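The values are calculated or read from the model by the stated rules, or taken from the named source; none is laboratory data. Computed from a prediction, not measured in an experiment: that's the story for all the values here. For neighbour counting, all protein chains shown are included, and Cβ atoms are generated from backbone atoms with ideal geometry for every residue, glycine included. For the accessible areas, the whole protein counts, side chains as well, though only heavy atoms, and no ligand, DNA or RNA atoms are used. Shrake-Rupley method; radii C 1.70, N 1.55, O 1.52, S 1.80 Å.
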Amino acid sequence: MDNNLTIMTLDPKLLEILACPEDKGPLLWFSDEETLYNPRLRRSYTVRDGIPVMLIDEAEAVDEAEHDRLLALAEAEGIRPTFGG
């Protein structure tokens with residue numbers, strides 16, 4: 001199997017409860033990019049081998065252009081926030 005073509009999916013039950021470790025709010029899941037994004041704090045969390053890395057110290061800051069791109073992508077693809085979204 002070609003690992004370059006593998007796209008990880010997260011268990012829907014996990015997505016129902018997954019929250020940002022810092023502000024405890026919902027996240028946006030971008031499966032194609034294996035990224036969970038908090039638009040309120042403008043931080044992204046990577047998913048490695050199907051496991052979300054939800055450590056505040058490992059979150060990546062997102063600049064204005066990337067924030068706008070992710071929000072536009074979420075809207076275009078109908079990506080809903082985790083729990084309560």
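Laid out as a table, the results:
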{"read-out": "Interchain or long-range residues, amide H under 5 Å from Ala19's placed H", "value": "none"}
{"read-out": "Under 5 Å, built H, 5+ apart or other chain: amide partners of Arg42", "value": "none"}
{"read-out": "Burial order of peptide ranges 27-35, 72-80 (average beta-carbon count within 10 Å, highest first)", "value": "27-35, 72-80"}
{"read-out": "Using θ = phi - 60° and Karplus 6.51 cos²θ - 1.76 cosθ + 1.60, couplings along region 11-21 (whole Hz; Gly, Pro as x)", "value": "4, x, 5, 5, 4, 5, 10, 5, 9, 5, x"}
{"read-out": "Equivalent ellipsoid, the chain (semi-axes from 5 times Cα gyration tensor eigenvalues, Å)", "value": "18, 15, 14"}
{"read-out": "Per-residue ³J(HN,Hα) for region 24-38, Karplus 6.51 cos²θ - 1.76 cosθ + 1.60, θ = phi - 60°, Hz, x for Gly and Pro", "value": "6, x, x, 10, 9, 9, 9, 5, 5, 9, 6, 9, 9, 10, 9"}
{"read-out": "Surface accessible to a 1.4 Å probe, per residue, for the residues of the chain, Å²", "value": "65"}
{"read-out": "Mean ellipticity per residue at 222 nm, deg cm²/dmol - from DSSP H runs of n ≥ 4 across the chain, formula -39500 (n - 2.57)", "value": "-7000 deg cm²/dmol"}
{"read-out": "Value of relative contact order over the chain, rounded to a whole percent, pairs C-alpha under 8 Å and six or more apart", "value": "31"}
{"read-out": "Note, ³J(HN,Hα) from phi for region 54-69, Karplus 6.51, -1.76, 1.60, rounded to Hz, x at Gly and Pro", "value": "9, 9, 4, 5, 9, 5, 9, 5, 10, 7, 4, 5, 5, 4, 4, 5"}
